[in-house]
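Q: Before I ask anything, here is the structure I am working with.
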Amino acid sequence: MKRSIVLTLLLAVSSGGAFAQQAGDADRGHAYAKMVCAACHSVESDGGPSPNRDAPVWVDIANTSGMTAAALRVFLSTPHQRMPDLIIAPSDLQDLVAYILTLKRVPPI
């Protein structure tokens, strides 16, 4: 019995880790952002101002020094003072991260 519980936990942890490594779909992330996030944030690649002046522009978030997929996952999974307490499904989270990373600007050579 103990062995089956341990095996079940190990499988759950290992499958969760594999899921966390999935890249996500940037197009679905963009659609989600427009539907859920754009009421407050500028989520488009043009980097225009956010509807809520206190909400950061996503192009700015994407281009923050050191911003990575892991950093975005953590950022989007923790509560923020001035944001609604959203619970983002894991697949939507991966899609949002994929989309935000498409907003990174390549510095000129």
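The values are calculated or read from the model by the stated rules, or taken from the named source; none is laboratory data. Remember, predicted model here, so these are calculated numbers, not experimental data. Virtual Cβ from ideal backbone geometry, glycine too; neighbours counted across all protein chains shown.
Q: Among the residues of segment 52-93, what is the count of those that are of a type in the set (S, T, N, Q) and closer than 18 Å to ALA39 by Cα?
A: 2
Q: Can we say ILE5 is out of contact with any strand residue (DSSP E or B) (no Cβ under 8 Å at 6 or more places or on another chain) and at pLDDT below 90?
A: Here the answer is yes, as ILE5 does meet what is asked.
Q: Right, another one. Can you tell me which residue is surrounded by the most Cβ atoms within 10 Å (Cβ to Cβ) among those in segment 69-109 that are among the basic types (Lys, Arg) and modelled with pLDDT of 85 or more?
A: ARG73
Q: Hey, another quick one. Taking VAL74 and the conditions (1) farther than 16 Å from TYR99 by Cβ; (2) of a type in the set (A, V, I, L, M); (3) assigned to a loop (DSSP other than H, G, I, E, B), which numbered condition does it fall short on, given that it satisfies the others?
A: That leaves (3) as the condition not met.
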